[in-house]
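Trainee: Mind looking over this structure? Questions follow.
Throughout, read-outs are computed from the coordinates displayed, never taken from laboratory work. This is a predicted model, so every value here is computed, not measured. So basically every Cβ, Gly included, is an ideal-geometry build from the backbone, and we count neighbours across all protein chains shown.
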Amino acid sequence: MSTEEPEIPLAVTPKQIKSAFQELLKYGVLEMEQKPNLYRTALTSQADIDLILEPLDMALKIDDIRGIAFLTIIQNYTDSERDEWSHPLVRRQRFNLEQSLLVAILRRLYIAHEMEVGIGNTSSVAHLDELIPEINQFLGESGSDSHDMKRMRQLLEQLRSHGLVSEVNKNDQVTIRPLIVHLANPENLKNLLTVFQQQAESKQESSE
C-alpha cells in the first residue's frame, strides 16, 4: 500500500482571464476601443481578476460608460494625508507643474467634448495649435513657435506614457484618452488652473 499523499491539482486560470490580467499589469488600463476582447473579459470577469489582485493590494475599476478598465491601489496607499508612499510594487509618480497644467487643460477639453456629444460616444481629439495657446496663457510664450511646439510635444509624450493621450499623428493631432477623467480630483485641477491664471494676470499687470 502506497504511503504517498495524492497530488493536489493546481488551479488553472482561464487563458482569457490570464491575458486580460497580464495586459492590465503591463499597462494599467484596458480600453474597449483599443482591446475590445480583453476589455470584455475584464468586464465579465471582474470578480475573478479582483481575487487575483487582492494579495497585491490592487483592484480593478471599470467605467463601462466610457469603455475603460484600469487598476487602482486599495487600502491606505491612496491616502492623500500620507507623506510617504509605501506600496511595495508601485512607484509613486508625481507630475511637475507643466504636466499637471496640461492634464487639467486636456481634462477640461475632454469633459467639454462629452457634454457636447455625450459620454462614451466618440473620441476627443485636440490639435496642437489649439493646445499651445491654452498652455501659453498660463506659462507665457517663449518667443519661438518652434520652441513652443517642441515643449508641447515633449509634455504630450510624457503624458502618453501614463495612458492619458495617444501619440501625436501626422496632422499634429492627439486623442485624449478617457482615463484622464479618473486621474485627478476635478476640484484640485480647477484650483490649479485658477492659480496659474492669477499668476499670468499678475505678470501681465507688472509688465504694463
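Trainee: Assuming 0.36 nm per residue, please report the length gained on full extension of the stretch Lys15 to Asp63 beyond their Cα-Cα distance. Can you show the working numbers first?
Mentor: Working: separation 48, 0.36 × 48 = 17.28 nm, distance 2.34 nm.
Stretched out fully, the Lys15 to Asp63 stretch lengthens by 14.9 nm.
Trainee: Quick query: amide H of Ser124 versus all other amide H atoms, modeled in the peptide plane; which residues come in under 5 Å with a sequence gap of 5 or more or a different chain?
Mentor: Answer set, sorted by chain and number: Ile176.
Trainee: When Lys and Arg each count +1 and Asp and Glu each count -1, what net charge do the other residues less than 15 Å away from Asp172, Cβ to Cβ, add up to?
Mentor: -2
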